[in-house]
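One structure is given here, and the rest of the page talks about it.
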Amino acid sequence: MTEELPGQGPLDALTDVAGIRVGHARVPGEGALSGTTVVLAPEGGAVAAVDVRGGGPGTRETDALDPRNLVQRIDAVVLTGGSAYGLDAASGVMAWLEEQGRGVQVGPGPSQVVPVVPAACLFDLGRGGDWRARPDASTGRAAVEAAAASAPGAQVPQGSVGAGTGAVAGQLKGGVGTASVRLPTGATVAALAVVNAAGSVVDPATGVLYGAYGAGEPPAHPASAVHEAALRRLAGIRGAREGRAGETGGVLNTTIAVVATDAALTRAQAQKLAGTAHDGLARAVRPVHLLTDGDTVFALSTGRLPLPPEPVAALNGILAAGADTLARAIVKAVRAARGAEGPGGTFPSYSELYGAS
């Protein structure tokens, strides 16, 4: 008898977890290369947890997710560019949730709520040229409205969108990627990553994306001539950057992500999922969790599917899938990204350098 293997979700996206919606918004105007992504939970919220690593995190309301604390469920997670300034995007999401009557009930009236909106930011300041072009409350509102307006189970735009608009992965353009898996138990596990890493996503010996190793089929290796041409171009860009002042690439970074499942997890189990998902990040980015990274992974459980009476094996499957899907989401983010060039720097995309490898 053969063991049933996990299968890719229908959309291979975070929205394969029923009830989860995703919306993106970009900062408008010339010189802007930043944005915000909102992950909106189903009505009634989701159990949530977080695991923050690296030496330079930028977060908001993460202490509320500690299993020892009061808040049981949250309605949205904000992933945003703009460094610490961009955390203001969460204010716009809070305002929208309040208008919907969603949040922690703090009074007798249905409108007396305080939405708890955990958020994490990445550093992309000045990458479009204008240091002050960064997300604010209006960007957050636009992103959550886009999420709410999306159809249930809608595909998630990937690449240089939302919080990934100005993201950079090593010397390459980063972005947003998402992936999912359906487990033999019937549970879905999915991830969405915004890749903005100080480390590299590419094996310098081969040009293969690190996260592609172990993702199922062996990755296709670029031709040696293609890889050598890519290395020469990156070396030229690096040399030009070192000769110019004002470029902001490769200084401060952070990869931020959400891993979600429809399996019913306790808050402690969700926190374990957030922690083990970092293993997927470590497979896809090297080195990782540096002083200039603030790598943050949120975990959400919508609770649709109860765990079996003996849950250890099922929970282990969910934990392993969280790491696997996050690694694949990072690969998809880098492959979907579009290159950027302007006053804030030159950041070629992986596809420009290597094609569809």
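The values are calculated or read from the model by the stated rules, or taken from the named source; none is laboratory data. Please read all numbers here as calculations on a predicted model, not as lab measurements. All Cβ positions, even for glycine, are placed from backbone atoms using ideal geometry, and neighbour counts span all protein chains on display. Calculation scope for accessible area: heavy atoms of the full protein, side chains included, ligands and nucleic acids excluded. Shrake-Rupley method; radii C 1.70, N 1.55, O 1.52, S 1.80 Å.
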Check: Do you know the relative contact order of the stretch 112-212, to the nearest whole percent, from alpha carbon pairs under 8 angstrom that are 6+ apart?
Finding: 19
Next item on the list: Could you work out, for the stretch 21-71, what percent of all Cα-Cα pairs fall into each 10 Å distance bin, beginning at 0 Å and stopping at the bin that holds the largest distance?
Entry: 18, 35, 34, 12, 1
Next item on the list: Tally the DSSP beta bridges in the stretch 229-357 and give the antiparallel ones as a percent, rounded to 5.
Entry: 30
Checklist line | Highest to lowest packing among 19-29, 70-80, scored as the average C-beta count within 10 Å | finding: 70-80, 19-29
Checklist line | FRET efficiency for Q112 and A84, using Cβ-Cβ distance with R0 set to 30 Å, rounded to 0.05 | finding: 0.50
Check: Using a 1.4 Å probe, how large is the accessible area of D324, given in Å² and rounded to the nearest 10?
Finding: 80
Next item on the list: Take each uninterrupted DSSP H stretch in the chain, measure its Cα extent along the helix axis, and return the ones at 20 Å or beyond whose mean Kyte-Doolittle hydropathy is at least 0.5.
Entry: 312-336
Check: In whole Å, what is the distance between the alpha-carbon centres of the stretch 160-179 and the stretch 318-333?
Finding: 16
Notebook entry, point to check: Do the sum for the chain: with -39,500 (n - 2.57) for every DSSP H run of n ≥ 4, divided by all residues, what is the mean residue ellipticity at 222 nm, to the nearest 500 deg cm²/dmol?
Noted result: -8500 deg cm²/dmol
Notebook entry, point to check: So in the chain, what percent of DSSP beta bridges are antiparallel if you round to the nearest 5?
Noted result: 80
Item checked: Debye log10 I(q)/I(0) at q = 0.24 Å⁻¹ for the stretch 1-105, Cα point scatterers -> -1.44
Checklist line | Dipole moment magnitude, nearest 20 debye, the stretch 271-349 about Cα centre, only Lys, Arg, Asp, Glu C-beta charged | finding: 240
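Assigning unit charges at the beta carbon (Lys, Arg +1; Asp, Glu -1) and nothing else, what dipole magnitude in debye, to the nearest 20, does the chain show about its Cα centre?
It comes to approximately 480 debye.
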Next item on the list: Please state, rounded to one decimal and in Å, the Kirkwood hydrodynamic radius that the chain gives when every pair of distinct Cα atoms enters the mean of 1/r.
Entry: 20.0
